[in-house]
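Let me give you the structure first, and then I'll get to my questions.
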Amino acid sequence: MMFANNVKPGFFDVRWLAILALLASFGSTVQAEQQRPNILWLSAEDISPHFGCYGDRHAKTPMVDQIAREGITYTKVFTTAGVCAPCRSGIITGVYQTTLGTQHMRSTATLPDNVRPFPIYLREAGYYCTNNSKQDYQFKTPPKTWDVSSRKAHWRNRPDGTQPFFAVFNYTGCHESGIANKDKYQTMTADLSPDKRQSPERLELPPYFPDTPTVREDWKRNYELISAFDDWCAAKIQEIKDAGLYDDTIIMIWSDHGVGLPRSKRWVYDSGTHIPLVIRIPDEFRGVSELGPGSEDDQLVSSIDFGPTVLNLAGVEIPETMQGRAFLGEKLAPEREYVHSARDRMDERYDIIRSVRNQRFLYIRNYEPLKTYYQYMNTPENGATMKELRRLHEAGKLPPAAEYYFNPTKPVEELYDCDADPHNITKLAGQPQYKDVLEELRAEHLAWVKRTRDTGLIPEPILREQARKVGSEYQVLRQPGSEQLMQRIASAAINASEGISALPALLDATNDTESAVRYWGATGLGNIGDELAENREVAKTLNELLEDPSSTVRTAAARGLCRLNQPKNALPVLIHEMTTGTQWERLYAAIALDEIDEMARPVATSMQEGLKYQKGFNSEGKYRVRVMNRALNELNGTNNSVK
């Protein structure tokens with residue numbers, strides 16, 4: 001009472017108003033917490049948009065089609081790589097694999113401190129995050145990425161049934177191995193109902209495949225595996241319904257890249273990068289999109305947009321380090337004008353290719369045009385369709401659209417009208433009426449290379465070495481002076497395939513202080529080839545580079561001398577680099593030896609050393625073994641196989 005006597009009049013009124021305001025605020029917070037959506041990802045491996053909702057008359061996908069009727073079908077979604085691990089590193093971070101240094105298939109990069117997998121942000125915001133179960137990010141997954149990541153991970157295991165969740169389920173049955181391996185195909189499709197089976201003779205093949213029973217069987221398996229995925233989706237969605245969460249859960253169905261067959265998987269044509277994305281948004285959250293159920297959205301979407309979109313739907317701020325953009329929710333950035341994709345090392349073979357696509361046209365830049373399209377790679381060569389392609393090529397019986405990809409070289413630039421030519425067959429780059437389009441997309445590609453700091457233009461051995469010095473591949477092109485370095489690397493890489501007109505610039509590049517620039521200078525001189533056979537300055541330069549501090553530059557110089565028909569000093573260097581140094585230095589030299597064909601015969605015995613596996617290397621250095629095995633098979637007329 002004494003206290004009350006000392007209180008000024010009206011104090012209790014003010015105090016109770018403050019308490020009521022606090023309670024109201026708490027109630028609003030609880031309400032907002034309850035209004036946050038659950039988000040379910042159902043992802044497949046290795047499928048193109050062969051769903052009924054995309055107009056494919058052969059597809060038998062009733063569950064996905066139902067989700068499309070209740071949701072939105074995105075018709076122009078593209079992945080950043082035509083192969084799983086590189087693109088998945090981009091999906092989980094919202095950053096291009098070429099920026100992170102995760103672009104090479106089967107490698108391990110270091111994630112910088114300022115780039116984190118997006119589920120970490122969701123967990124910090126109160127979400128329960130599970131992954132079942134594929135990661136394959138090509139970097140060590142930070143420990144706080146998932147609440148649970150395993151084959152037992154499930155949203156229903158969250159300790160609090162009211163906690164919002166982000167749950168990922170990955171279906172692996174559609175992987176190319178499901179087409180190539182009869183036992184896996186039969187296991188994954190064992191429960192398909194008869195009405196979901198396909199008649200191979202009724203299917204429509206792409207023009208870059210020969211029409212044979214073998215190819216049709218693979219194409220049939222692709223469709224039936226997609227139907228099995230549809231059944232799997234139905235089971236996962238039923239779990240949501242049974243828990244009474246269907247109207248509280250945003251469902252996203254997507255694939256990582258195109259179908260697991262030649263000229264699709266691993267490639268940057270639409271057949272390799274165009275992927276399905278179907279999203280169902282419950283009525284309670286309909287405000288995140290202007291489109292209603294059963295709609296189609298033809299805006300350009302990249303796979304690196306998936307993470308930012310999930311964060312935006314959950315009301316979580318999108319980190320500035322993310323290069324993707326949200327396409328659902330509030331405060332959206334302008335829609336994309338372009339999407340970009342990249343191809344780098346695929347297992348044992350390098351082929352640096354970049355693409356940029358707008359709503360209609362696809363532009364491709366081949367940075368290694370002297371390499372054939374179908375380089376020999378163990379994994380795809382095990383597939384029946386690839387074997388059929390090689391058999392008919394050797395017999396001279398392939399149709400022109402299929403035979404084209406056995407050409408010994410590629411054009412430096414490719415351009416396609418994807419509306420008129422959805423299979424990307426008709427080349428437009430040299431036609432005058434498309435000059436403006438070509439220049440626009442070429443300029444956008446080069447701007448993207450510099451803007452995103454494309455580490456793929458740095459040879460892998462050099463990139464890994466520099467990453468060890470600065471902490472991560474990402475940081476290699478973020479040091480003082482990196483913008484100028486990126487400009488020099490990009491210019492040298494472009495000049496390397498510009499021919500004799502670029503000779504002065506290439507010679508200058510061989511004197512650069514940075515090994516990546518010298519590499520492209522030496523590579524470009526070798527690319528010109530016979531025209532420089534009598535050029536003493538070039539020969540002198542390449543011979544001097546045989547003693548360069550960088551193994552990769554030494555290999556490029558040796559390759560260049562071989563292409564000038566001057567192998568005497570080059571062959572011992574290639575053998576030395578193939579048998580010493582780091583894993584990727586050895587692989588570069590092995591590839592050079594394979595490329596020079598008969599010229600390598602004097603060192604064929606020494607090449608046998610490359611058939612030895614190396615403990616401590618990724619997969620015990622099997623990629624060098626594969627390349628050497630192929631090279632020796634061709635030299636000796638043998639047919640030996642390796643793992």
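Whether any residue in region 537-549 is in contact with a helix residue (DSSP H, G or I) (Cβ under 6 Å, 6 or more places away or on another chain), open to solvent by 30 Å² or more (accessible area, probe 1.4 Å) and either modelled with pLDDT of 95 or more or part of a loop (DSSP other than H, G, I, E, B) (or both) is what I want to check. Let's see the steps before the verdict.
To start, the set of residues in region 537-549 that are in contact with a helix residue (DSSP H, G or I) (Cβ under 6 Å, 6 or more places away or on another chain) comprises 538, 542, 545-546, 548.
Next, from what is left, pick out any that are open to solvent by 30 Å² or more (accessible area, probe 1.4 Å): none.
Looking for residues that are in contact with a helix residue (DSSP H, G or I) (Cβ under 6 Å, 6 or more places away or on another chain), open to solvent by 30 Å² or more (accessible area, probe 1.4 Å) and either modelled with pLDDT of 95 or more or part of a loop (DSSP other than H, G, I, E, B) (or both), one finds none in region 537-549, hence no.
I need the full set of residues from region 107-162 which are more than 24 Å from the chain's Cα centre (by Cα), under 18 Å from residue 251 (Cα atoms) and in a strand (DSSP E or B), in order please.
Within region 107-162, 128 is the sole residue that qualifies.
Quick one: residue 279 ticks every box in (1) open to solvent by 20 Å² or more (accessible area, probe 1.4 Å); (2) over 20 Å from the mean Cα position of the chain (by Cα) except a single one, so which number is it?
Just one mismatch for residue 279, condition (1).
Next up: Within region 192-216, can you find the residues that are in a helix (DSSP H, G or I) and out of contact with any helix residue (DSSP H, G or I) (no Cβ under 6 Å at 6 or more places or on another chain)? Give the steps one after another, and end with the answer.
First pass over region 192-216, keeping only residues in a helix (DSSP H, G or I): 194-196, 200-202, 213-216.
Once the filter is applied, which keeps residues that are in a helix (DSSP H, G or I) and out of contact with any helix residue (DSSP H, G or I) (no Cβ under 6 Å at 6 or more places or on another chain), region 192-216 yields 194, 195, 201, 202, 213.
Here are 621, 616: which of them is open to solvent by 70 Å² or more (accessible area, probe 1.4 Å) and among the small types (Gly, Ala, Ser)?
Details: 621 fails: open to solvent by 70 Å² or more (accessible area, probe 1.4 Å).
After applying the criteria, what remains is 616.
Continuing with the same structure: Quick one: would you say residue 68 is small (Gly, Ala, Ser), open to solvent by less than 10 Å² (accessible area, probe 1.4 Å) and in a loop (DSSP other than H, G, I, E, B)?
Values: small (Gly, Ala, Ser): yes; open to solvent by less than 10 Å² (accessible area, probe 1.4 Å): yes; in a loop (DSSP other than H, G, I, E, B): no.
When the stated conditions are applied, residue 68 does not pass them.
Table: residues versus (1) of a type in the set (Phe, Trp, Tyr); (2) under 24 Å from residue 262 (Cα atoms); (3) at pLDDT 95 or above; (4) out of contact with any Cys (no Cβ under 7 Å at 6 or more places or on another chain).
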| residue | (1), (2), (3), (4) |
| --- | --- |
| 64 | no, no, yes, no |
| 82 | no, yes, yes, yes |
| 85 | no, yes, yes, yes |
| 89 | no, yes, yes, yes |
| 99 | no, no, yes, yes |
| 103 | no, yes, yes, yes |
| 117 | no, no, yes, yes |
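Name, by its number, the condition in (1) under 30 Å from the mean Cα position of the chain (by Cα); (2) at pLDDT 95 or above that does not hold for residue 619.
Among (1) under 30 Å from the mean Cα position of the chain (by Cα); (2) at pLDDT 95 or above, the lone unmet condition for residue 619 is (2).
Would it be correct to say that residue 270 is touching a Ser or Thr at 6+ places or on another chain (Cβ under 8 Å), charged (D, E, K, R), open to solvent by less than 30 Å² (accessible area, probe 1.4 Å) and in contact (Cβ under 8 Å) with a residue 40 or more places away in the chain? Don't jump to the end; show me each part of the working.
Numbers: touching a Ser or Thr at 6+ places or on another chain (Cβ under 8 Å): no; charged (D, E, K, R): yes; open to solvent by less than 30 Å² (accessible area, probe 1.4 Å): yes; in contact (Cβ under 8 Å) with a residue 40 or more places away in the chain: yes.
Here the answer is no, as residue 270 does not meet what is asked.
With respect to residue 99, determine if the residue is outside any loop (DSSP other than H, G, I, E, B), under 30 Å from residue 449 (Cα atoms) and in contact (Cβ under 8 Å) with a residue 40 or more places away in the chain. Reasoning before the result, please.
Numbers: outside any loop (DSSP other than H, G, I, E, B): yes; under 30 Å from residue 449 (Cα atoms): yes; in contact (Cβ under 8 Å) with a residue 40 or more places away in the chain: yes.
Answer is yes for this residue.
Out of everything in region 387-410 that is open to solvent by 40 Å² or more (accessible area, probe 1.4 Å) and in a loop (DSSP other than H, G, I, E, B), what residue ends up being farthest from residue 365 (Cα to Cα)?
By that ranking, first place goes to 395.
Taking region 494-515 only, how many residues are small (Gly, Ala, Ser), in contact with an Asp or Glu (Cβ under 9 Å, 6 or more places away or on another chain) and free of Cβ contacts under 8 Å to residues at least 40 places away in the same chain?
Restricting attention to region 494-515, the residues satisfying the condition of being small (Gly, Ala, Ser) are 496-497, 499, 501-502, 505, 509, 515.
Right, trim to in contact with an Asp or Glu (Cβ under 9 Å, 6 or more places away or on another chain) and you get 496-497, 499, 505, 515.
Checking the rest, the ones that are also free of Cβ contacts under 8 Å to residues at least 40 places away in the same chain come to 499, 505.
The number of residues fulfilling the criteria is 2.
Continuing with the same structure: Does residue 553 qualify as being hydrophobic (A, V, I, L, M, F, W, C), closer than 25 Å to residue 597 by Cβ and touching a Ser or Thr at 6+ places or on another chain (Cβ under 7 Å)? First the steps, then the outcome.
Working: hydrophobic (A, V, I, L, M, F, W, C): yes; closer than 25 Å to residue 597 by Cβ: yes; touching a Ser or Thr at 6+ places or on another chain (Cβ under 7 Å): yes.
Yes, satisfied.
Could you grab the pairs with beta carbons closer than 9 Å, sequence gap of 6+ or different chains, first residue in region 142-168 and over 29 Å from residue 113 (Cβ atoms), second one modelled with pLDDT of 95 or more and in a loop (DSSP other than H, G, I, E, B)?
Correct list of pairs: 151/133; 152/133; 155/243; 155/245; 156/243; 157/147; 161/243.
Could you grab me the full set of residues in region 590-613 that are closer than 14 Å to residue 635 by Cβ and either among the small types (Gly, Ala, Ser) or open to solvent by less than 50 Å² (accessible area, probe 1.4 Å) (or both)? Quick ask: steps written out before the conclusion?
In the first step, residues of region 590-613 are kept if they are closer than 14 Å to residue 635 by Cβ; the result is 590, 593-608, 610-611.
The answer is 590, 593, 594, 596, 600, 603, 604, 606, 607, 610.
Going through region 121-138 one residue at a time, which ones are open to solvent by 10 Å² or more (accessible area, probe 1.4 Å) and either over 30 Å from residue 347 (Cβ atoms) or free of Cβ contacts under 8 Å to residues at least 12 places away in the same chain (or both)?
Just the residues of region 121-138 that are open to solvent by 10 Å² or more (accessible area, probe 1.4 Å), to begin with: 121, 123-126, 128, 132-138.
Selection gives 121, 123, 124, 125, 126, 128.
Name the pairs whose Cβ atoms lie under 7 Å apart, with the first residue in region 184-211 and without any contact (Cβ under 8 Å) to a residue 40 or more places away in the chain and under 26 Å from residue 390 (Cβ atoms), the second open to solvent by 80 Å² or more (accessible area, probe 1.4 Å) and part of a loop (DSSP other than H, G, I, E, B), and 6 or more positions between them or separate chains?
Note: pairs meeting the criteria are 205/211.
Please go through region 609-643 and give me each residue that is part of a helix (DSSP H, G or I) and over 27 Å from residue 527 (Cα atoms), ordered by number.
Looking only at region 609-643, we keep the residues that are part of a helix (DSSP H, G or I), and these are 609-611, 618-636.
Matches in region 609-643: 609, 611, 618, 619, 620, 621, 622.
Do you know which of the residues in region 479-524 that are outside any loop (DSSP other than H, G, I, E, B) and among the charged types (D, E, K, R) is surrounded by the most Cβ atoms within 10 Å (Cβ to Cβ)?
518
The values are calculated or read from the model by the stated rules, or taken from the named source; none is laboratory data. None of these values were measured; they are calculated from a predicted model. Virtual Cβ from ideal backbone geometry, glycine too; neighbours counted across all protein chains shown. Surface accessibility is based on the protein's heavy atoms, side chains included, excluding ligands, DNA and RNA. Shrake-Rupley method; radii C 1.70, N 1.55, O 1.52, S 1.80 Å.
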